[in-house]
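Quick notes on the structure that follows.
The values are calculated or read from the model by the stated rules, or taken from the named source; none is laboratory data. Here the structure is a predicted model, which means the values were calculated and not measured. Neighbour counts run over all protein chains shown; Cβ positions are idealised from the backbone, glycine included.
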């Protein structure tokens, strides 16, 4: 390991292309792992604990909140969802990057946690509201009422764009994908994330000292 891992937060309004970009990012570098959330809802058919979610009782989940073992959490339709702290801390120490698909509220909680220094937050904007509406309708999955609700929520999501480190306008998927990979590549090279850098520079200085000593010995 030569660096500390990244905690990558990727947020966007529904339909802006976040899920596609997340898949592309993990195809580009399979060592990037998607953070598995915990939930109090019951497993659905075919779901496996630790793969789709960590399935926990409400009492266990509330205990994890109380002890600070959740990086972020929210209650949605009567069930808790959140990101356990321990797997993320382990990954970061081992130099592995974790990808979070969370909204602005979850992003705020993670940035304000003790792991905030490891966060790289990226917000994805649609090229226009008309394009966002067209993408939602193009899925063919939701009723007009559901789409209207998603569009209203999107307005709230977009209002938090300035809280993020980077903002990408997804007007061309390939271009946005390349920009996202560029962000991750640059963030990995930040001085404070290269854990072996001090030792490397110390070795360079020792080489300088050895050269100077040889010159003195020759003279």
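Evaluate the stretch 4-22: report whether one residue or more is at pLDDT 90 or above, farther than 29 Å from residue 193 by Cα and touching a helix residue (DSSP H, G or I) at 6+ places or on another chain (Cβ under 9 Å). Yes, because at least one residue in the stretch 4-22 is at pLDDT 90 or above, farther than 29 Å from residue 193 by Cα and touching a helix residue (DSSP H, G or I) at 6+ places or on another chain (Cβ under 9 Å). For the stretch 164-182, the condition of being within 29 Å of residue 92 (Cβ to Cβ), touching a strand residue (DSSP E or B) at 6+ places or on another chain (Cβ under 6 Å), in a helix (DSSP H, G or I) and without any contact (Cβ under 8 Å) to a residue 60 or more places away in the chain holds for at least one residue.
Residues in the stretch 5-32 that are closer than 22 Å to residue 80 by Cα and surrounded by fewer than 22 Cβ atoms within 10 Å (Cβ to Cβ) were compared, and the one that is nearest to the chain's Cα centre (by Cα) is 19. The set of residues from the stretch 75-104 being touching a strand residue (DSSP E or B) at 6+ places or on another chain (Cβ under 6 Å), closer than 20 Å to residue 22 by Cβ and without any contact (Cβ under 8 Å) to a residue 60 or more places away in the chain comprises 81, 82, 83, 84.
Only one of 71, 99 is at pLDDT 95 or above, on the phi < 0 side of the Ramachandran plot and not in a helix (DSSP H, G or I); which? Working first, answer last.
On the way: 71 fails: at pLDDT 95 or above.
Every option except 99 fails the conditions.
Looking at the structure I just gave you, is residue 70 buried (at least 19 other Cβ atoms within 10 Å of the Cβ), free of Cβ contacts under 8 Å to residues at least 40 places away in the same chain and closer than 30 Å to residue 189 by Cα? Spelling it out, residue 70 is indeed buried (at least 19 other Cβ atoms within 10 Å of the Cβ), free of Cβ contacts under 8 Å to residues at least 40 places away in the same chain and closer than 30 Å to residue 189 by Cα. Note on the stretch 1-24: residues that are in contact (Cβ under 8 Å) with a residue 40 or more places away in the chain and farther than 12 Å from residue 100 by Cβ total 15.
Scan 59, 131 and give me the residue that is over 25 Å from residue 32 (Cα atoms), over 23 Å from the mean Cα position of the chain (by Cα) and either modelled with pLDDT under 95 or in a loop (DSSP other than H, G, I, E, B) (or both).
Details: 59 fails: either modelled with pLDDT under 95 or in a loop (DSSP other than H, G, I, E, B) (or both).
Among 59, 131, only 131 is over 25 Å from residue 32 (Cα atoms), over 23 Å from the mean Cα position of the chain (by Cα) and either modelled with pLDDT under 95 or in a loop (DSSP other than H, G, I, E, B) (or both).
Only one residue in 190, 202 is surrounded by 11 or more Cβ atoms within 10 Å (Cβ to Cβ) and either closer than 30 Å to residue 91 by Cβ or touching a residue at least 12 places away in the same chain (Cβ under 8 Å) (or both). Which one?
On the way: 202 fails: surrounded by 11 or more Cβ atoms within 10 Å (Cβ to Cβ).
From the options 190, 202, the qualifying one is 190.
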